[in-house]
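The values are calculated or read from the model by the stated rules, or taken from the named source; none is laboratory data. Please read these numbers as outputs of a predicted model, since none were measured by experiment. Here the Cβ positions follow ideal geometry from the backbone for every residue, glycine too, while neighbour counts run over all protein chains shown. Areas reflect the complete protein model, heavy atoms only, side chains present, ligands, DNA and RNA absent. Shrake-Rupley method; radii C 1.70, N 1.55, O 1.52, S 1.80 Å.
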Amino acid sequence: MSDIVEKIKCLIIGSGPAGYTAAIYAARADMKPVMYTGMQMGGQLTTTTEVDNFPGYPAGTDGTAMMGDLQKQAERFGTEVRFGLVTKVDLSDKIGGIHKIIVDETKHIEAETIIICTGATAKYLGLESEQRLIGGGVSACATCDGFFYKGQDVVVVGAGDTAAEEATYLANICNKVTLLVRKDYMRASKAMQHRVNKTKNIEVLYNTEIDEVLGSNVVEGVRAINNKTKETTEISVTGVFIAIGHKPNSDLFKGVLDMDKTGYLLTQGKTTKTNLPGVFAAGDIQDKDYRQAVTAAGTGCMAALDAERYLGALE
């Protein structure tokens, strides 16, 4: 491990819309931000083939291209973007304190402010066919990708409020939605269950799981299995929406920063401030409700402004 310590005014952990937007604002405020992208450069949006709902792209774009544009914009103003993974943190609890970070288990950094944009990772079923067709009809976000399946038949997998919300959202634009529930009951709230049951073009199949996603390059259907009778059924669909939850990428901060029971970082009021001074959180790491690129970008802006004001108050 190197003994050389690099001193940074603003460290951004994670890329994606939140990280890059924070970098743009921090760089323009002359905070000379340094970003460590993490192992998935550009965040989970890079797994989305088409992005039609981000402002400024009238013809649409894809996630990787959009993240490339945001990176170039951040670098244009002086952000230093580095590929690397923060592996350890020692965060100060004092106003004006220095936060100590280790990157890739070798590089020492001392930062005056930190903006955490490590995001959340969608949970998938783990099937080989499912993983192969992510971006080819398999999605973990109905509000992101549902538009592309207008008038078509789709499957939603899940039993909680998120699955119920995704199913009813898709039912407004799709021909038919089949909701696959692993157990013989839904975990969703009674109100959400009523919405599902009242929606005519939603069919709920209980005790049912996906055995395989069918199709070579794009989704052509699913093979479902009843886990009680072991009977299999092929359902012809063009889209498969996995709605079994997200895992916030917050393990690094457990026991250090306040978080809810599922691991999302808690921020104060309408700000991006965490419980430690000089440490801010933006994007999906602190947002379990919206999880959109545009809302992540908005909180990235907020985090940079909060960091700038924090440093200004120390002068």
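Among the residues of the stretch 60-71, is any among the charged types (D, E, K, R) and either under 17 Å from Thr118 (Cβ atoms) or crowded, with 16+ Cβ neighbours inside 10 Å (or both)?
Yes - at least one qualifying residue is present in the stretch 60-71.
Taking the stretch 216-227 as the range and being in a strand (DSSP E or B) and closer than 11 Å to Gly239 by Cβ as the test, the residues that pass are Gly221, Val222.
Scanning the stretch 113-131 for residues that are within 19 Å of the chain's Cα centre (by Cα), assigned to a loop (DSSP other than H, G, I, E, B) and surrounded by fewer than 22 Cβ atoms within 10 Å (Cβ to Cβ) yields a count of 4. Contact map, the stretch 97-113: first residue small (Gly, Ala, Ser), second residue buried (at least 18 other Cβ atoms within 10 Å of the Cβ), Cβ cut-off under 6 Å, separation 6 or more or different chains; pairs are Ala111/Ile8; Ala111/Leu11; Ala111/His99. Picking from residues in the stretch 291-315 that are assigned to a loop (DSSP other than H, G, I, E, B) and under 19 Å from Tyr264 (Cβ atoms), the one that is farthest from the chain's Cα centre (by Cα) is Gln292.
Where in the stretch 1-112 are the strands (runs of 3 or more DSSP E), entirely inside, with at least 2 residues that are closer than 16 Å to Phe280 by Cα?
Passing ranges, in order: 5-13, 34-36, 86-90, 99-103.
This table checks each residue for (1) touching a strand residue (DSSP E or B) at 6+ places or on another chain (Cβ under 6 Å); (2) open to solvent by 40 Å² or more (accessible area, probe 1.4 Å); (3) free of Cβ contacts under 8 Å to residues at least 12 places away in the same chain; (4) aliphatic (A, V, I, L, M).
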position	(1), (2), (3), (4)
Pro248	yes, no, no, no
Gly255	no, yes, yes, no
Tyr264	yes, no, no, no
Gln268	no, yes, yes, no
Ala281	yes, no, no, yes
Asp284	yes, no, no, no
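Among the listed residues Lys176, Lys198, Lys183, Lys190, which satisfies the condition of being surrounded by fewer than 20 Cβ atoms within 10 Å (Cβ to Cβ) and closer than 21 Å to Gly239 by Cβ?
Details: Lys198 fails: closer than 21 Å to Gly239 by Cβ; Lys183 fails: closer than 21 Å to Gly239 by Cβ; Lys190 fails: closer than 21 Å to Gly239 by Cβ.
From the options Lys176, Lys198, Lys183, Lys190, the qualifying one is Lys176.
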